[in-house]
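Notes follow once the structure below has been shown.
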């Protein structure tokens, strides 16, 4: 399934997973197309912000507000997004709903076109 979903001949792909769901975790753990270090990173829990090279791609952690964020600030309302990005795919994981990924999903549903996975990630980062 991983090879079919992430076929380089296909269009650019964004896969977003709730890392609390076991099927999502299993898919990431067994996706040989993604470097092992990046798979471990996507399933990690360290919330320190970073941007690093991993194989032919990049890994990153960014902060965002939770999707259901209210007007009373509470540090618990901060969401963390983890990304793996290469030339053909962007894979993101979260532990709780995020407004940045929701906004990106809305842009895509409204037929917004992205030329590259880097443009997809930059839209998510700007929205965060």
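Just give me the residues in region 92-112 being assigned to a strand (DSSP E or B) and in contact with a helix residue (DSSP H, G or I) (Cβ under 6 Å, 6 or more places away or on another chain), in sequence order.
93 - this is the single residue of region 92-112 that is assigned to a strand (DSSP E or B) and in contact with a helix residue (DSSP H, G or I) (Cβ under 6 Å, 6 or more places away or on another chain).
Go through region 76-104 residue by residue and tally those that are surrounded by fewer than 16 Cβ atoms within 10 Å (Cβ to Cβ) and at pLDDT 80 or above.
Qualifying residue count, region 76-104: 2.
Do we have residue 43 as more than 17 Å from residue 122 (Cβ to Cβ), in contact with a helix residue (DSSP H, G or I) (Cβ under 7 Å, 6 or more places away or on another chain) and at pLDDT 80 or above here?
Judged against the criteria, residue 43 is a match.
Can you tell me which residues in region 36-55 are assigned to a loop (DSSP other than H, G, I, E, B) and free of Cβ contacts under 8 Å to residues at least 40 places away in the same chain?
Hits for region 36-55 are 44, 46, 47, 48, 49, 55.
The values are calculated or read from the model by the stated rules, or taken from the named source; none is laboratory data. Remember, predicted model here, so these are calculated numbers, not experimental data. Every residue, glycine among them, receives a Cβ derived from its backbone with ideal geometry; neighbour counts consider all protein chains shown.
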